[in-house]
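Colleague: Before we start, here is the structure in question, set down as C-alpha cells.
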Amino acid sequence: MDLTLNDEQQALRAGLREYLAGRWTADRLRAAASDSAPGGGAAWKELAGLGVFGLIAPAAVGGLALSLADAAIACEELGAALVPGPLVPSILAAGLVDGAADGDAVVTMLDTAGGVPLLEHPGIATHVIVVDAAGLFLRPRSAVAAAPAATPLDPLTPVALVPDGDQPHGERIGTAADAADWRLRGTVLTAALQVGVARGGLDLAVRYARERMQFGRLIGSFQAVKHLLAESLARVELARAAVLAAAVTADDPEAGDPAEAAAAAKLLADDAATTGGRTCVQVHGGMGFTWEVLAHLYLKRAWVHETAFGPADQHANFLADRLA
C-alpha cells in the first residue's frame, strides 16, 4: 500500500494549513475558549467555502467526491489548529442533510452506542443525527432536549447531556449498514483529528524548547527533553500512517479489513494525542499548567476525541479478539 501523498493531496494540505495558521491564531483560540458557542457563524461558513464539509460528498449534491484519505488529510490540519465545531459529523452528513456541505446546516450527532448520551457543540448545531444500530435518524437540534454542561472538559468543545431514555430517533435517513459505515468513517476521521492534535502539541512543545533558557542553555539541548520530543514524533508518524492506511482500506476493502484498520488507527492516534499532550505540558514545565499557554487545550481536545467512536480499550479488545 503506497501512502505517499500525490500532488493534489500535498496542495490540499499546504493550502488548508496556510489558511488555518492565519485564522486560528493563539489569541483567537483563547478568545474562543471563553465563548459559549465557539466555531460557529462566519468561521464555519469560511470552512464550508473552502470545501471542507463537502470533501467526500457526491458531486451530485455539490460535494467534491474526493477520497476518505483526502478528508483525513484535511482533518489532521483541522486538528492541529484546534478548530472547534462538530467537524466529523458535518463532513459525514454532507449529502444526507441539506445545507451541510455549504455550511448552512451545522450537524452534530448523538451516538446511542456511547456510554453517556452527549451532544457536542449544541449551541451552533442546527441538526442532530442519531447514530443507532438500526440506522441513521435526523432531528432538528431544537427538537432534542439537552442540558448544557456548565464546565465542559475542553472549553472549545461545549457539550450538552441528553436525558436517559429521551434519545429521539426522528426521520430515518440511513439503514443499519449506513450507520455502520458512518461509525467506520467517523472513527477514521476522528483518528485523523487526533493525529493533528498530537502534531500541534508537538510543534508547540518544540517551539518552546527552542526558546526557553534554563541553566544558561536552551532546554531543547537537554537529552531528557530531546527524548520526550523524539518519542512524540515517532507516535505522530506511526499514527498518521495508520490513519491513511485505514482511510484507503475504508474506500477499498480489498486492501484489507476496514474495521481492523480503523480500530488500529484510532488506538494509535489516541495514544499519540493524549501522550503527546502530556508531553507538551511537561516540556513547558510550570508554564504548561497555566491558562494562557495552549498546551492544556491540546491535551483536553485529545481527551475529548478519545471518547468519540469508542475509547481505546474498546478498540484494543476488538483487535485482540480478531487476533485470537
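Colleague: Can we say residue 114 is in contact (Cβ under 8 Å) with a residue 12 or more places away in the chain, of a type in the set (Gly, Ala, Ser), under 25 Å from residue 312 (Cα atoms) and surrounded by fewer than 24 Cβ atoms within 10 Å (Cβ to Cβ)?
Modeller: When the stated conditions are applied, residue 114 passes them.
Colleague: For the range 64-78, indicate whether the set of residues that are under 15 Å from residue 192 (Cα atoms), hydroxyl-bearing (Ser, Thr, Tyr) and in contact with a helix residue (DSSP H, G or I) (Cβ under 9 Å, 6 or more places away or on another chain) is non-empty.
Modeller: Yes, some residue in the range 64-78 is under 15 Å from residue 192 (Cα atoms), hydroxyl-bearing (Ser, Thr, Tyr) and in contact with a helix residue (DSSP H, G or I) (Cβ under 9 Å, 6 or more places away or on another chain).
Colleague: On the given criteria, is residue 246 crowded, with 17+ Cβ neighbours inside 10 Å, in contact with a Phe, Trp or Tyr (Cβ under 9 Å, 6 or more places away or on another chain) and at pLDDT 95 or above?
Modeller: no
Colleague: Let me ask something additional. Is it the case that the range 40-61 has a residue that's more than 25 Å from residue 250 (Cβ to Cβ), surrounded by fewer than 19 Cβ atoms within 10 Å (Cβ to Cβ) and among the aromatic types (Phe, Trp, Tyr)?
Modeller: no
Colleague: Something else about it: Give me the residue from the range 68-94 that is of a type in the set (Gly, Ala, Ser), in contact with a strand residue (DSSP E or B) (Cβ under 9 Å, 6 or more places away or on another chain) and assigned to a helix (DSSP H, G or I) and, out of that set, nearest to residue 300 (Cα to Cα).
Modeller: 90
Colleague: Of the residues 60, 31, which is closer than 22 Å to residue 296 by Cβ and among the aliphatic types (A, V, I, L, M)?
Modeller: None of the other options fit; the residue is 31.
Colleague: May I pose another question? Looking at the range 267-293, which of its residues are under 23 Å from residue 189 (Cα atoms) and surrounded by fewer than 24 Cβ atoms within 10 Å (Cβ to Cβ)?
Modeller: Scanning the range 267-293 gives 267, 271, 274, 275, 278.
Colleague: Could you check residue 296 against (1) closer than 16 Å to residue 82 by Cβ; (2) crowded, with 24+ Cβ neighbours inside 10 Å and say which number it fails?
Modeller: (2)
Colleague: For the range 80-99, indicate whether the set of residues that are free of Cβ contacts under 8 Å to residues at least 60 places away in the same chain and polar (S, T, N, Q) is non-empty.
Modeller: Checking the range 80-99: at least one residue is free of Cβ contacts under 8 Å to residues at least 60 places away in the same chain and polar (S, T, N, Q).
Colleague: Further question: Test residue 314 against the criterion of being on the phi < 0 side of the Ramachandran plot, at pLDDT below 95 and of a type in the set (S, T, N, Q), and give yes or no.
Modeller: yes
Colleague: Touching a Pro at 6+ places or on another chain (Cβ under 8 Å) and more than 21 Å from residue 124 (Cβ to Cβ): which single residue out of 59, 65, 32 fits that description?
Modeller: Only one candidate passes the filter, namely 65.
Colleague: Also, quick follow-up: Here is a check on your reading of the model: is residue 293 outside any helix (DSSP H, G or I), more than 17 Å from the chain's Cα centre (by Cα) and aliphatic (A, V, I, L, M)?
Modeller: yes
Colleague: Read through the list (1) of a type outside the set (D, E, K, R); (2) within 22 Å of residue 145 (Cα to Cα); (3) under 17 Å from the mean Cα position of the chain (by Cα); (4) surrounded by fewer than 24 Cβ atoms within 10 Å (Cβ to Cβ), then give the number of the only condition that residue 107 fails.
Modeller: That leaves (4) as the condition not met.
Colleague: Residues that are under 23 Å from residue 294 (Cβ atoms) and either in a helix (DSSP H, G or I) or not aromatic (Phe, Trp, Tyr) (or both): does the range 253-270 have at least one?
Modeller: Among the residues of the range 253-270, at least one is under 23 Å from residue 294 (Cβ atoms) and either in a helix (DSSP H, G or I) or not aromatic (Phe, Trp, Tyr) (or both), which makes the answer yes.
Colleague: Determine if the range 18-38 includes at least one residue that is in contact with a Gly (Cβ under 7 Å, 6 or more places away or on another chain) and not in a helix (DSSP H, G or I).
Modeller: Yes: one or more hits.
The values are calculated or read from the model by the stated rules, or taken from the named source; none is laboratory data. Computed from a prediction, not measured in an experiment: that's the story for all the values here. Please note: Cβ atoms are built from the backbone with ideal geometry, for glycine as well, and neighbour counts cover all protein chains shown.
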